[in-house]
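J.: Once you've had a glance at the structure underneath, I'll fire off some questions.
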Amino acid sequence: MQTGGSLAPIFGWLVGVEPGSGMSLMFVFAGILGGAIGLFGYLFRPVRLVEDLLPDHESDALTTVESVGAEYAVAESAAPA
């Protein structure tokens with residue numbers, strides 16, 4: 001922001017009018033926006049209750065590293081030399 005600019009009278013008291021003040025104003029706006037998004041997520045019921053509304057992931061269909069390793073070991077020992 002520049003001294004005498006259009007935003008200086010509005011936000012100059014908060015971040016100043018020195019070099020880098022525009023970037024600090026952007027950080028302030030980003031923080032306010034991030035807080036507002038977090039607050040909206042908390043106030044929006046489906047987002048707040050997502051753990052209760054969505055079913056848990058079933059891990060029975062997945063193969064574990066141990067089972068893959070055991071199948072590889074069995075396949076290697078059965079292979080002709």
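J.: Ordered by residue, what ³J(HN,Hα) values in Hz, to whole numbers, does segment 8-19 give under the Karplus form 6.51 cos²θ - 1.76 cosθ + 1.60, where θ = phi - 60° and Gly and Pro are x?
T.: Once rounded to whole Hz, the list reads 4, x, 7, 10, x, 5, 8, 10, x, 10, 7, x.
J.: Return the sequence-ordered ³J(HN,Hα) values of segment 36-44 in whole Hz as given by the Karplus equation 6.51 cos²θ - 1.76 cosθ + 1.60 applied to θ = phi - 60°, using x for Gly and Pro.
T.: Going residue by residue, I get 5, 5, x, 5, 4, x, 6, 7, 7 Hz, with x marking Gly and Pro.
J.: Tell me the label-point distance for the pair Met26, Leu39, using the 7 Å Cα-to-Cβ offset, in nm and rounded to one decimal.
T.: With each label placed 7 Å out from Cα toward Cβ, I get 2.4 nm.
No lab work stands behind these numbers, since they all come straight from the coordinates. Given the structure is predicted, the values throughout are model-derived calculations rather than measurements. Cβ coordinates were reconstructed from backbone atoms using ideal geometry, including for glycine residues, and neighbour counts include every protein chain displayed.
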